[in-house]
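Working notes, beginning with the structure itself.
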Amino acid sequence: MKTLIGLTVANFKSFTRDRAALFWTFFFPVMFVLLFGVLFSGSGDSKVSVGWVDLDGTRASAGVRDAFNKVPLLKFQTGSLEDQKAAMQRGDVSAVIVIPKGLQDALVGVKTGQKRSTSIELYTDPSKTQTTQVVQGAVAQVLNGMNLALAGGSEAIAVNTLTLTSTNISTVAYLVPSILAMALMQLGIFAAVPLVQQREKGILKRMGATPLERWKLVASNILLRLVIAALDTVLIIGVGMAVFHIQIVGNVLQAAGFVFLGAGAFLSLGFMLASFLKTEEQATGVVQVVQMPLMFLSGIFFPFDFMPEFLRGVARLLPLTYLGDGLRQSMVNATQVAPIALDAVVLAGWLVVCLAISARTFRWE
């Protein structure tokens, strides 16, 4: 174990001396997050869209609506409960307010001293923290004013908060896990370049001739890349949360599993490429050729449903499609491209197959 740790530290020092590797591993993904975040974070409308459902249809419910209309941050669209809930799941509205039947009778009871109370229903999406806070604050402000006027501050109208998760997420929330997937892909397949370089210069041959077991050399390289993958993950998610207020609302452990599974799958792909490439220049060119279709045909920069049908068939063959999908489902509860179990199985399949091929074909000289 001491030898393995020593090799990993030595590889890490070598990695940090490579300015190009540092740029492509850490700064390039962060530049993507900032660039696409700035481009797509603005909604073009400062108001929050809210569905309005009036089940009472009385003068009292109309008065409540008038009170809410005075809130400058909200704009309303009216419809049935089913329609507004469907609109919220599509992402057309950020919340739904439901005025219950019997509201006017309850308020009459409060005024006559019978102390009857009622509550409105508020549907919010826990994955959209900012808009939820805006709507909840506005509802609390309006109801506090109405309760003060109706019952001297007593709770004549309460709010019953319910959750309804939208299947539509913001563009930035879609891009952050997708760019993380891209960074893990690049980290893995670009591992082919230093391996080919070390073979071309005879470093691998000399190291293979030492008493040091070869599995330790391979394991130290894998461990290095996994540590870098963890650092890259923290950096990319940290920027997304700090700058664009992305909220991780999914399963954190599941997301971590996809980070390491994806890093392992693409690292094994990088080892497999290194097995067949002879020169550093050849390795650099092939890696660039491999990464381009992975980046632009796997749906990491735009939703999978936006792709033409014939390109979807190509995308379903690419491992990056399943890594991006698994991370989005795990981190932000995005609409799935495939079942999350299938995402994991496909990535594990790529890892096993590429590792088996590289184990049989890798050359030390």
Potential extension, Leu317-Val159 segment - 0.36 nm per residue separation minus Cα distance:
52.0 nm
Counting helices only, and only those DSSP H runs with n ≥ 4, report the 222 nm mean residue ellipticity of the chain as the sum of -39,500 (n - 2.57) divided by its residues, in deg cm²/dmol to the nearest 500.
-21000 deg cm²/dmol
Kindly put Val50, Val286 in sequence by how many other C-beta atoms sit within 10 Å of each C-beta, fewest to most.
Val286, Val50
For the chain, give the magnitude of the charge dipole about the Cα centre (Cβ charges: +1 Lys/Arg, -1 Asp/Glu; no others), in debye to the nearest 20.
1040 debye
Two-site label geometry, Glu121 and Arg360: point separation in nm, points 7 Å out along Cα→Cβ:
6.0 nm
Where Lys and Arg each count +1 and Asp and Glu each count -1, what net charge lies around Gly63 among other residues with Cβ under 12 Å from its Cβ?
0
Please compute the length gained on full extension between Arg90 and Gln136, using 0.36 nm multiplied by the number of residues separating them and subtracting their Cα-Cα distance.
14.5 nm
Compute the semi-axes of the equivalent ellipsoid of region 48-163, taking the square root of 5 times each eigenvalue of the Cα gyration tensor, and list them largest first in whole Å.
24, 15, 12
Pairing the Cα long axis of helix 171-189 with the longest principal axis of the chain, what angle in degrees results, from 0 to 90 and rounded to the nearest 10?
10 degrees
Could you give the angle, 0 to 90 degrees to the nearest 10, between helix 252-276's Cα long axis and the longest principal axis of the Cα atoms of the chain?
30 degrees
Say each of Val234 and Thr284 gets a label point 7 Å from the Cα, pointing the same way as Cα to Cβ; how far apart are those two points in nm?
3.1 nm
Could you give the length gained on full extension between Asp66 and Glu213, defined as 0.36 nm per residue of separation minus the Cα-Cα distance, in nm?
45.2 nm
Which angle between 0 and 90 degrees, to the nearest 10, do you get for helix 319-332 versus the longest principal axis of the chain when only C-alpha atoms count?
40 degrees
When Leu195, Leu297 are arranged by how many other beta-carbons sit within 10 Å of their Cβ, fewest first, they go Leu297, Leu195
Measuring from label point to label point, each 7 Å out along Cα→Cβ, what is the Gln114 to Thr16 span in nm?
7.5 nm
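Coordinate-derived values only; no laboratory data. All values derive from a computational prediction rather than experimental measurement. Methodologically, a virtual Cβ is constructed for each residue, glycine included, from the backbone with ideal geometry; neighbour enumeration extends over all protein chains shown.
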